[in-house]
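Peer 1: Pasting in a structure now, in structure tokens, and then I'll have a few things to ask.
The values are calculated or read from the model by the stated rules, or taken from the named source; none is laboratory data. Only a predicted model underlies this, so the values are computations on that prediction, with no experimental measurement involved. Neighbour counts are summed over all protein chains in view; Cβ atoms, including those assigned to glycine, are modelled from backbone coordinates with ideal geometry. Calculation scope for accessible area: heavy atoms of the full protein, side chains included, ligands and nucleic acids excluded. Shrake-Rupley method; radii C 1.70, N 1.55, O 1.52, S 1.80 Å.
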Amino acid sequence: MQQTYDTVRQLLEAGKTAEAERLVLQELEVVPNDATLLYLKGRIGAKRADWQGALNAFNRAVQLDPDSPAREARQAIEEILAFYHKDYYNP
């Protein structure tokens, strides 16, 4: 399984999001409760700015593995979504 994780990471770094997603979804059909695959699925969602999809995947990964890097990734997305800069709204 480590080889699959590495391949997905390489695809993401190369900007091949669709291929990475195809591989992750294929593997999740076989192992639906793999926290690392769910974390990678969340990274794919974040790369596509699919914030809700990313948060869902990260939340599931954290449920399965509380020490998952998905915890920090989820927090980063929540901070992005909560960003508010009053000067942008008051000219």
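Peer 1: Can you name the residue in the stretch 1-48 that is assigned to a loop (DSSP other than H, G, I, E, B) and closer than 20 Å to E72 by Cβ and, of all such residues, is least open to solvent (accessible area, probe 1.4 Å)?
Peer 2: Looking at the filtered set, the residue picked out is D34.
Peer 1: When the stretch 59-75 is examined, which residues are found to be in a helix (DSSP H, G or I) and farther than 16 Å from R9 by Cα?
Peer 2: N59, R60, A61, V62, Q63, L64, R71, E72, R74, Q75, listed by residue number.
Peer 1: A follow-up question, please. List pairs: first in the stretch 76-87 and within 12 Å of A46 (Cβ to Cβ), second at pLDDT 80 or above and surrounded by 10 or more Cβ atoms within 10 Å (Cβ to Cβ), Cβ under 8 Å, 6+ apart or cross-chain?
Peer 2: I77/A46; I77/W51; I77/A54; I77/L55; I77/F58; E78/L55; I80/W51; L81/W51
Peer 1: Let me ask something else. As an exercise: evaluate W51 against (1) touching a residue at least 24 places away in the same chain (Cβ under 8 Å); (2) buried (at least 18 other Cβ atoms within 10 Å of the Cβ); (3) of a type outside the set (S, T, N, Q); (4) within 22 Å of E78 (Cβ to Cβ) and give the number of the one condition it does not meet.
Peer 2: Only one criterion in (1) touching a residue at least 24 places away in the same chain (Cβ under 8 Å); (2) buried (at least 18 other Cβ atoms within 10 Å of the Cβ); (3) of a type outside the set (S, T, N, Q); (4) within 22 Å of E78 (Cβ to Cβ) is unmet by W51, namely (2).
Peer 1: In the list L81, L23, which residue meets the criterion of being among the aliphatic types (A, V, I, L, M) and modelled with pLDDT of 95 or more?
Peer 2: L23
Yes/no per residue for (1) acidic (D, E); (2) at pLDDT 95 or above:
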| position | (1), (2) |
| --- | --- |
| K41 | no, yes |
| F58 | no, yes |
| D67 | yes, no |
| K86 | no, no |
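Peer 1: Mind checking which pairs have a first residue in the stretch 7-27 that is charged (D, E, K, R) and a second that is in a loop (DSSP other than H, G, I, E, B) and open to solvent by 40 Å² or more (accessible area, probe 1.4 Å), Cβ under 9 Å, 6 or more apart or different chains?
Peer 2: Listed by first residue and then by second, the contacts come to E21/R48; E27/M1.
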